[in-house]
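For reference, the structure is listed below as structure tokens.
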Amino acid sequence: MSNFLQFLGQHVTTSFFLNPFVLAILSAIFILLMFKWSSTLPSTKHNSPPSPSKLPIIGNLHQLGLQPHRSLRFLAQRHGPLMLLHFGSVPTLVVSSADAAREIMKTHDLIFANRPKSSMFEKLLYNYKDVSMAPYGEYWRQMKSVLCVLHLLSNKRVKSFRGVREEETTLMIQKIKQSCYSSGTVNLSEVFAKLTNDVVCRVSLGRKYSGGEEGGSKFKELLGDFVELLGIISVGDYIPWLAWVSRVNGLDARTEKVATRLDNFLEGVLEEHTNFQKKARSDGHVSPENEDQKDFVDVLLWIQKENVIGFPVERASIKAVILDVFAAGTDTVYTVLEWAMTELLRHPNAMEKVQNEVRGISTGKEREVTEDDLNKMHYLKAVIKETFRLHPPIPLLVPRESTQSVKLQGYDIAAGTQVIVNAWAIGRDPTSWDEPEEFHPERFLTTSIDVKGHDFELIPFGAGRRSCPGIPFALTIIELVLANLVQKFDWALPNEASGQDLDMSESIGLTIHRKFPLTAVATPYFD
Ligand code: HEM
């Protein structure tokens, strides 16, 4: 054996390797091995989406301005529908076309199903125990599909609140009539804010907490603080070593105070419900017929007690879900009503058409618009869609985050990239819409495009796994209120102003409503 090795050592190294045929084979094997090795290395050529130039430390934060949806559209017009920005140290992909949004929310929906962390949401929503900001995973899946979609926001449950919607709409109409007779004008923004707040309070907590009722003004003020804080970005989220700023400027203390006050309030509500249920049981008043009178807290406590969904629901989860409903369901609905009436006042032709349609359909003895009539009101629905297109209440939707690297339209997107979809810019994209800046509800009479997340040109409620579960809840109340307003009154602007004089400035924050309240003159139609 040792002789053989010696032989190899002497001869194979010389004559064998000098053989041209062996040399050719060895070279081919070497090239193949090199090719295979290089293809297993991470690609050094990373094709990032185009980026505007950035500043040290803050990145592109200075380019967001007070109205980020407008600033980001401006940047996208120069850099393209997929654009990579840096918010401090956080890479942020900005999506500004229907095609790019489809890639994120449909083709690669699973990869983009996470939400980025936010210290504000963490503190206010019980460490992400809610649905909207919960990280993607089993907890979120159970809470959303079983709890939200099946038990709280199902069509059946939404229908069960029909009485609440109709009562509150009637009260709103009475209030408008009173305003007409007393001052001649109506502050519609105030009317819509009260209406949505009262409906959401009754549906979720079982009773109203607005001015006049017990604890009302305190809760309203607290809710205002809560929604305002959700719209504030804590600097430490984007520049971690500056997290101390929120401690020094009082933001942390304010957030903790609001979180504690909200928790005390919700504890009181839960206690009240538990005592009420105990009493009802001991009085023998619990029966399946009561199902229709259950509010969200009742349903959640029942699910917790009976272990209906197969996993334990913590008390913190119940409180976080209730806060989600307030955060997601009040300002958004009120905003749509405010912009819809603004646009109708600016466009008398559209106002006349929608009035004729609604008055023509609800002609019964009582002349009441009922929810059964709404499906026949195609122009009304077109007005609402057009309002969503021009004024999506949350113009940049709710941010997503990628959980793994992915290629999008030829660009490499790294895992952990924050994603912002500019639904406002997509709704005004001239490649998808004719005369995109014009309010033109007729465009929806000849197309099947809807707001429900299947048509990426119009995605005010998002799309895919993380899309909004509150669409039936929101649309039913918006349609009912708008139909009643245009049926029961003729509308004009104060001092005979023309619609085109109406100030269209937008507020700042997460939900974009009018900067100045909408005031109008209402003349009762039937009196
Ligand atoms: C006009 C009214 C509303 C608008 C424009 C709206 C819009 C949105 C948007 C843009 C998202 C994020 C979607 C995504 O990431 O793809 C969302 C999520 C959500 N919305 Fe709404 N929403 C409205 C009403 C409501 C209502 C009334 C409720 C409940 C009563 C609700 C509950 C939620 C929840 C729980 C989520 C989180 C879903 C998840 O992360 O899986 N929303 N909404």
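The values are calculated or read from the model by the stated rules, or taken from the named source; none is laboratory data. This structure is a prediction, so every number in the text was calculated from the model and none was measured. In this analysis, Cβ positions are derived from the backbone assuming ideal geometry, glycine residues included, and neighbour counts consider all displayed protein chains.
Which number in (1) more than 11 Å from the ligand (Cβ to nearest atom); (2) over 30 Å from Leu485 (Cα atoms) marks the one condition that Lys177 misses?
Every condition holds for Lys177 apart from (2).
All but one of (1) under 24 Å from Leu188 (Cβ atoms); (2) among the β-branched types (Val, Ile, Thr); (3) within 16 Å of the ligand (Cβ to nearest atom) hold for Ile459; which doesn't?
(1) is the only condition that Ile459 fails.
Which condition does Leu223 not pass, out of (1) within 16 Å of the ligand (Cβ to nearest atom); (2) at pLDDT below 95; (3) in contact with a Ser or Thr (Cβ under 7 Å, 6 or more places away or on another chain), if it passes all the others?
Status for Leu223: all satisfied but (3).
Going through the stretch 406-421 one residue at a time, which ones are farther than 14 Å from Glu103 by Cα and either touching a strand residue (DSSP E or B) at 6+ places or on another chain (Cβ under 7 Å) or surrounded by 22 or more Cβ atoms within 10 Å (Cβ to Cβ) (or both)?
So the first thing to find is which residues in the stretch 406-421 are farther than 14 Å from Glu103 by Cα, and the list is 414-418.
The answer is Ala414, Gly416, Thr417, Gln418.
Taking the stretch 395-419, which residues are in contact with a Lys or Arg (Cβ under 8 Å, 6 or more places away or on another chain) and within 12 Å of the ligand (Cβ to nearest atom)?
Of the residues in the stretch 395-419, the ones in contact with a Lys or Arg (Cβ under 8 Å, 6 or more places away or on another chain) are 398-401, 413, 418-419.
Those that are in contact with a Lys or Arg (Cβ under 8 Å, 6 or more places away or on another chain) and within 12 Å of the ligand (Cβ to nearest atom): Val398, Pro399, Arg400, Glu401, Val419.
Regarding the stretch 147-155, can at least one residue be identified that is over 17 Å from the mean Cα position of the chain (by Cα), under 27 Å from Asn264 (Cβ atoms), within 11 Å of the ligand (Cβ to nearest atom) and in contact (Cβ under 8 Å) with a residue 60 or more places away in the chain?
Within the stretch 147-155, the subset over 17 Å from the mean Cα position of the chain (by Cα) is 147, 150-152, 154-155.
Pick out the ones that are also under 27 Å from Asn264 (Cβ atoms) and you get 147, 151-152.
Those still in the list that are within 11 Å of the ligand (Cβ to nearest atom) too: 147, 152.
Remaining after also requiring in contact (Cβ under 8 Å) with a residue 60 or more places away in the chain: 147, 152.
Yes, the conditions are met somewhere in the stretch 147-155.
Look at the stretch 105-156 and say how many of its residues are surrounded by fewer than 16 Cβ atoms within 10 Å (Cβ to Cβ), β-branched (Val, Ile, Thr) and within 23 Å of Lys407 (Cα to Cα).
1
Only one of Ile309, Ile361 is away from the ligand (no atom under 14 Å from the Cβ), without any contact (Cβ under 8 Å) to a residue 24 or more places away in the chain, surrounded by 16 or more Cβ atoms within 10 Å (Cβ to Cβ) and aliphatic (A, V, I, L, M); which?
Numbers: Ile309 fails: without any contact (Cβ under 8 Å) to a residue 24 or more places away in the chain.
Being away from the ligand (no atom under 14 Å from the Cβ), without any contact (Cβ under 8 Å) to a residue 24 or more places away in the chain, surrounded by 16 or more Cβ atoms within 10 Å (Cβ to Cβ) and aliphatic (A, V, I, L, M) holds for just one of Ile309, Ile361, which is Ile361.
Does the stretch 121-152 hold any residues that are at pLDDT 95 or above and in contact with a Pro (Cβ under 8 Å, 6 or more places away or on another chain), and which are they?
Residues satisfying the conditions are Tyr128, Val131.
Across the stretch 465-484, which residue is surrounded by the most Cβ atoms within 10 Å (Cβ to Cβ) among those that are within 6 Å of the ligand (Cβ to nearest atom) and part of a helix (DSSP H, G or I)?
Restricting attention to the stretch 465-484, the residues satisfying the condition of being within 6 Å of the ligand (Cβ to nearest atom) are 466-470, 473-474.
Adding the requirement that they be part of a helix (DSSP H, G or I) leaves 466, 473-474.
Details: Arg466: 22, Phe473: 25, Ala474: 22.
Among those residues, the one meeting the criterion is Phe473.
Asp298 is checked against (1) more than 25 Å from Val398 (Cβ to Cβ); (2) more than 16 Å from the ligand (Cβ to nearest atom) and fails just one. What number does that condition carry?
Of (1) more than 25 Å from Val398 (Cβ to Cβ); (2) more than 16 Å from the ligand (Cβ to nearest atom), only one is false for Asp298: (2).
Among the listed residues Val325, Val333, which satisfies the condition of being of a type outside the set (Asp, Glu) and closer than 23 Å to Asn127 by Cα?
On the way: Val333 fails: closer than 23 Å to Asn127 by Cα.
Val325 is the lone residue from the list that is of a type outside the set (Asp, Glu) and closer than 23 Å to Asn127 by Cα.
Given the conditions (1) under 24 Å from the mean Cα position of the chain (by Cα); (2) surrounded by fewer than 20 Cβ atoms within 10 Å (Cβ to Cβ); (3) more than 16 Å from the ligand (Cβ to nearest atom); (4) closer than 30 Å to Asp372 by Cβ, report the number of the one that Gly453 does not fulfil.
(3)
Given the conditions (1) buried (at least 16 other Cβ atoms within 10 Å of the Cβ); (2) within 22 Å of the chain's Cα centre (by Cα); (3) modelled with pLDDT of 95 or more, which single one is not true for Leu230?
Every condition holds for Leu230 apart from (3).
Among the residues that make up the stretch 192-212, is at least one of them within 30 Å of Pro524 (Cβ to Cβ), surrounded by fewer than 18 Cβ atoms within 10 Å (Cβ to Cβ) and more than 26 Å from the chain's Cα centre (by Cα)?
Yes, some residue in the stretch 192-212 is within 30 Å of Pro524 (Cβ to Cβ), surrounded by fewer than 18 Cβ atoms within 10 Å (Cβ to Cβ) and more than 26 Å from the chain's Cα centre (by Cα).
Output the qualifying pairs, or none if there are none: Cβ atoms under 7 angstrom, residues six or more apart or on different chains, first residue in the stretch 406-422 and more than 19 Å from Tyr238 (Cβ to Cβ) and β-branched (Val, Ile, Thr), second residue at pLDDT 95 or above and buried (at least 20 other Cβ atoms within 10 Å of the Cβ).
Once the first residue is more than 19 Å from Tyr238 (Cβ to Cβ) and β-branched (Val, Ile, Thr) and sits in the stretch 406-422, its partners that are at pLDDT 95 or above and buried (at least 20 other Cβ atoms within 10 Å of the Cβ) give Val406/Ile111; Val406/Ile413.
Going residue by residue through the stretch 372-390, is there one that turns out to be surrounded by 24 or more Cβ atoms within 10 Å (Cβ to Cβ), of a type in the set (Lys, Arg) and touching a Gly at 6+ places or on another chain (Cβ under 9 Å)?
yes
Quick one: would you say Arg443 is surrounded by 14 or more Cβ atoms within 10 Å (Cβ to Cβ) and within 11 Å of the ligand (Cβ to nearest atom)?
Numbers: surrounded by 14 or more Cβ atoms within 10 Å (Cβ to Cβ): yes; within 11 Å of the ligand (Cβ to nearest atom): no.
No: the conditions fail for Arg443.
Within the group Met143, Met105, Met133, which residue is near the ligand (Cβ under 10 Å from one of its atoms), assigned to a loop (DSSP other than H, G, I, E, B) and on the phi < 0 side of the Ramachandran plot? It would help to see each step written out before you state the result.
Details: Met143 fails: assigned to a loop (DSSP other than H, G, I, E, B); Met105 fails: assigned to a loop (DSSP other than H, G, I, E, B).
Answer to the check: Met133.
Considering the stretch 312-337 alone, what residues qualify as being more than 22 Å from Leu301 (Cβ to Cβ) and either of a type in the set (A, V, I, L, M, F, W, C) or touching a Lys or Arg at 6+ places or on another chain (Cβ under 8 Å) (or both)?
Hits for the stretch 312-337 are Val333, Val336, Leu337.
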